[in-house]
1. If you check B:Arg170, B:Arg147, which single one turns out to be facing another protein chain (nearest Cβ under 7 Å), modelled with pLDDT under 80 and surrounded by 14 or more Cβ atoms within 10 Å (Cβ to Cβ)?
2. Using beta carbons and a limit of 9 Å, which pairs, at least six apart or on different chains, have the first residue in region A:1-27 and within 23 Å of A:Asn100 (Cβ to Cβ) and more than 7 Å from chain B (Cβ to nearest Cβ) and the second one small (Gly, Ala, Ser) and surrounded by fewer than 21 Cβ atoms within 10 Å (Cβ to Cβ)?
3. Would you check which residues across region A:69-112 are at the interface with another protein chain (Cβ under 7 Å from one of its Cβ atoms) and modelled with pLDDT under 85 and list them?
4. Could you please find all residues in region B:113-152 being over 18 Å from B:Leu51 (Cα atoms), in contact with a Leu (Cβ under 9 Å, 6 or more places away or on another chain) and charged (D, E, K, R)?
5. Could you please let me know if B:Thr9 is within 14 Å of chain C (Cβ to nearest Cβ) and either among the hydrophobic types (A, V, I, L, M, F, W, C) or assigned to a helix (DSSP H, G or I) (or both)?
6. Could you list, in sequence order, all residues of region A:68-106 that are in contact (Cβ under 8 Å) with a residue 40 or more places away in the chain and outside any helix (DSSP H, G or I)?
7. Which ones in region A:28-52 are surrounded by fewer than 19 Cβ atoms within 10 Å (Cβ to Cβ) and facing chain B (nearest Cβ under 7 Å)?
8. Please enumerate the residues belonging to region B:40-75 that are hydrophobic (A, V, I, L, M, F, W, C), touching a residue at least 24 places away in the same chain (Cβ under 8 Å) and under 24 Å from A:Arg21 (Cα atoms).
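The values are calculated or read from the model by the stated rules, or taken from the named source; none is laboratory data. The structure presented is a predicted model; accordingly, all values stated were derived computationally and were not measured. Please note: Cβ atoms are built from the backbone with ideal geometry, for glycine as well, and neighbour counts cover all protein chains shown.
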Amino acid sequence: MTAYYMCFGLFLVGLYGVITRRNLVKIAISLSIMEISAFLFFALIGYISGGVAPIVNPADPDKVYVDPLPQALVLTAIVIGLATTALLLAVIIRIYRKYNTFDIREIRNLRG
Amino acid sequence: MELAICIITGFMILGAIYAIHAKDLLSAVITCGIVGYSLVICFLLLKAPDLAIVQIVVDTITLIIMVAVVLDSSREERFSRLDLSGRITAFTSLVVIGILLYFFVIAAENLDALGNSTLRMAAPYINGAAEKTGSANLVTGVVFDFRGYDTMGEAVVLVTAVIGVLAVLRIKGKKEGFGLLKEDSAKA
Amino acid sequence: MKGMSIIVKKTAQLISGMIFIYGIYVIVHGHLTPGGGFAGGVILAGSLILVTLAYGEEFFKLVREEMGTTIVESLATISVILIAVGGFLFGSKIFFNNFLPRGTVGELVSAGVLPLYNIFVGTEVASSIFIIFLSLIIFKEESPK
């Protein structure tokens, strides 16, 4: 049960970063940390003690397997996470070329 | 087993805290790599080799893209003294974290202990699934057969993200910067 | 974008081919061993990114490469949807139906349409990630600070 609390602690660290930091790259890093904690939580839920990886060996079928459903969900979510992080960074590099800063307070001041 | 995962997760929390508070942006990005690569070890301990293969490559590519963005800039995070609004924000975030922790402690009573998972859909996906789908790798069977709609939606989301990146980076505005913003400022 | 030094170039020449072959192996054996379309596609994109980082503009024209990769990605996505519609047309009328014979579990040619899904999704993931990387470095090339 301690592992669940540690995993949620990682999520809270990412949330703290998103709320308090003022730098766009730091916000992107915090978002990816929150993403990673969600992946770890799914993998923890699917684990069964004494289980083996979900690859069936036809010669030896009587084994306990780990639950494959959370792994399938996380598998697609990881690749999606890479694409959305890249989209976020593309917007960030455009903003840097326009305003010459990563700081969101100065971007607000320079509007118009 | 659980002890090993707790130790690695502790490392991940330390790395995350340093990444959020580092002064140099490049060191922050590289420290964020600690979190991703530790996740690979956690996946291997939790018997998920498919996820470990994907995560170790994805983390490297994320690191490459982030370093390419950061090397363009001056790399320094400007710290100013904590003014009133900064203090209010920090206090609010602590309150929000406290409330979320309270609700998680309530919700954690319904979770099973680690290793005794009893998800309702686990048995139909494992027993006889290899004969139903013909695939020895059960994860591939779930991804492409039982949950095919999910995978198709994922493919479409990937295409949409690529179109977004191309629209943001490769379309040129008028002269420099965003054309719309320049027109607005000229009008005002 | 300029290339790197000769040591990096020779090492990339040696290794990138092996990484590419490994990615193809992971995709084709996706229904037997750990891996599959997503893992193999990301590995293929990694080998292409390695060659591009080492050689830069010397190896291929970046803008032309981007055009071709975009077309490949769109074709792969359409193929995935067409196979799903094929399940609707043949056999029982269900979207995503496995309409080819299953074969015996554990052989390379088995599991019906799952290897086809693996191949097309792998192509799509590889080309998507390579497009994102290419557009980023072309942007940095065209508009210097």
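1. Working: B:Arg147 fails: modelled with pLDDT under 80.
Checking each option against the conditions leaves just B:Arg170.
2. Taking only residues 6 or more apart or on different chains, the pairs are A:Arg22/B:Ser80; A:Arg22/B:Gly86.
3. Passing the criteria: A:Arg97, A:Lys98, A:Phe102, A:Asp103, A:Gly112.
4. B:Asp145
5. Values: within 14 Å of chain C (Cβ to nearest Cβ): no; either among the hydrophobic types (A, V, I, L, M, F, W, C) or assigned to a helix (DSSP H, G or I) (or both): yes.
Taking the combined requirement at face value, the residue does not satisfy it.
6. A:Phe102, A:Asp103, listed by residue number.
7. A:Ile45, A:Ser49, A:Gly51, A:Val52
8. Selection gives B:Leu63, B:Met66, B:Val67, B:Val70, B:Leu71.
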